[in-house]
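Q: Quick one: the structure is below, questions incoming.
The values are calculated or read from the model by the stated rules, or taken from the named source; none is laboratory data. Here the structure is a predicted model, which is why all the values come from computation and not from measurement. Here the Cβ positions follow ideal geometry from the backbone for every residue, glycine too, while neighbour counts run over all protein chains shown. Note: accessible area is taken over every heavy atom of the protein model, side chains too, but ligands, DNA and RNA are not part of it. Shrake-Rupley method; radii C 1.70, N 1.55, O 1.52, S 1.80 Å.
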Amino acid sequence: MAASAHADALKDEIAPTGKLRVAIAISPAGGAFWCTRTENGYAGVPVDLGKAMAAQLGVPIDYVVHQNSGQITDAAANNAWDITFLPKDAERETKMTFGPIYEVADATYIVKPGSTITSFAALDQDGVKVAAVNATTTMRGAIAHLKHAKVTGYQTYDEIFNLLKGGGIDAFALSRDQLNAMASKIPGARVLDETFKQTVTAVAVPLDHPLAAAFATKFMTDAIANGTLRKAYDNNGLKGSPVRTEVK
């Protein structure tokens, strides 16, 4: 009886609409945070994790699509989603409750085709234009890192991709794996060797949802241990990528 009452209270808190609303961000690159559109809906590590979580709860799933993690953060206080998987930083911890980290990514820069920039020192010069996805932890990290180059936020990955390809910006700040994928699509673009910060990605729920937070924490702890996370990586083009859950 008590277990049943707890299950009902959890569902009321984590899925108040009767569906588990999972906030995701879309880009062509995919990866451990970004998701992609498919003919049948969406694909990505958060898509697979959300599906497994909904199945465990016994509720249908509903993906709430955003253009970037900053938009997901802004929607946290508006009852627009129930669970998400996104990069964590101190500012976001004031707006949502995070569970276990499931990815650690090295952030760096890609420079435009034909650029002579080969190091952070060469990049951080007056007049150099650096792009980042707006209101993201990587953008905040790039602003803190660069003292002379100008960092500008854009809403979508696609917009920045086209600017870099056309030479409208000098560089783009993002995680190394995403930038390596981008470099393969823009001949002459180069990913710099140095790393300016490590970005950690974790499960999150809105503030003041203690039952949802406890469930999400247990779910991710189990998913890391039982292979669910590894399977989600393998299903989404990350077979060669190690699962990193701790900053070293």
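Q: Excluding same-chain residues fewer than 8 positions from LYS197, which aspartates and glutamates have a Cα within less than 17 Å of its Cα?
A: Counting by Cα, and skipping residues close in sequence, LYS197 has these aspartates and glutamates nearby: ASP89, GLU91, GLU103, ASP106, ASP124, ASP177, GLU246.
Q: Once the piece of chain linking GLU91 and VAL65 is laid out straight, how much longer is it, given 0.36 nm per residue of separation minus the C-alpha distance between them?
A: Here the segment from GLU91 to VAL65 would lengthen by 7.2 nm.
Q: For segment 38-180, compute the orientation-averaged projected area of the C-alpha convex hull (one quarter of its surface), in nm².
A: Its average projected convex-hull area is 10.0 nm².
Q: Mind putting together the pair-distance distribution for segment 1-109? All Cα pairs, 5 Å bins, whole percent per bin, short to long.
A: Reading the bins upward from 0: 2, 11, 21, 23, 21, 12, 6, 3, 1, 0, 0.
Q: Given an 8 Å cut-off on Cα distances and at least 6 residues of separation, report the relative contact order of segment 101-248 as a percent.
A: Here the relative contact order equals 37 percent.
Q: Per residue, how much accessible surface does segment 139-215 expose to a 1.4 Å probe? Answer in Å², no decimals.
A: 44
Q: Send over a whole-number figure in Å² for the accessible area per residue of segment 1-129, probe 1.4 Å.
A: Here the residues of segment 1-129 average 43 Å² of exposed surface.
Q: Grab the beta carbon distance between ALA80 and ASP234, set R0 = 30 Å, and tell me the FRET efficiency rounded to 0.05.
A: 0.50
Q: Could you tell me the distance between the Cα centroids of segment 123-177 and segment 73-108, to the nearest Å?
A: One Cα centre to the other: 21 Å.
Q: So, one more: When the accessible area of the chain is computed with all protein chains present and a 1.4 Å probe, what percentage of it is carbon and sulfur?
A: Percent of accessible area from carbon and sulfur atoms in the chain: 52.
Q: Calculated from DSSP H runs of 4 or more alone, at -39500 (n - 2.57) each and per residue, what is the 222 nm mean residue ellipticity of the chain, nearest 500?
A: -10500 deg cm²/dmol, from helical runs alone.
Q: Here's a follow-up. Suppose each label sits 7 Å from its Cα in the direction of the beta carbon; what would the ALA7-ASN226 distance come out to in nanometres?
A: 1.5
Q: Quick one, what does Rg over Rh come out to for segment 129-178 if you take C-alpha atoms and the Kirkwood Rh?
A: 0.93
Q: Of the listed values [x] 18.7; [y] 19.4; [z] 17.3, identify the label whose number matches Kirkwood radius over Cα pairs in Å calculated from this model.
A: Computed from these coordinates, Kirkwood radius over Cα pairs in Å corresponds to label [x].
Q: Sticking with this structure for a sec: Over the chain, what relative contact order in percent results from Cα pairs under 8 Å that are six or more residues apart?
A: Once divided by the residue count of the chain, the mean separation gives 26 percent.
Q: Still on this structure, please answer the following. If you look for lysine pairs in segment 1-137 that are eight or more places apart or on different chains, how many of them have Cα atoms under 26 Å apart?
A: Taking segment 1-137 as the scope, the lysine pair count is 11.
Q: Just to be sure I understand the model, the point goes 7 Å from the Cα along the line to the Cβ. What's the resulting ASP126 to GLN155 distance in nm?
A: With each label placed 7 Å out from Cα toward Cβ, I get 3.4 nm.
Q: So, one more: Separation between the ASP193 and VAL247 pseudo-spin-labels, each 7 Å from Cα along Cα→Cβ, expressed in nm?
A: Label-label distance for ASP193 and VAL247, simple model: 2.5 nm.
Q: Where does each of HIS145, HIS6, HIS66 land when they are ordered by accessible area, with a 1.4 Å probe and the largest first?
A: Reading off the accessible areas and sorting them downward yields HIS6, HIS145, HIS66.
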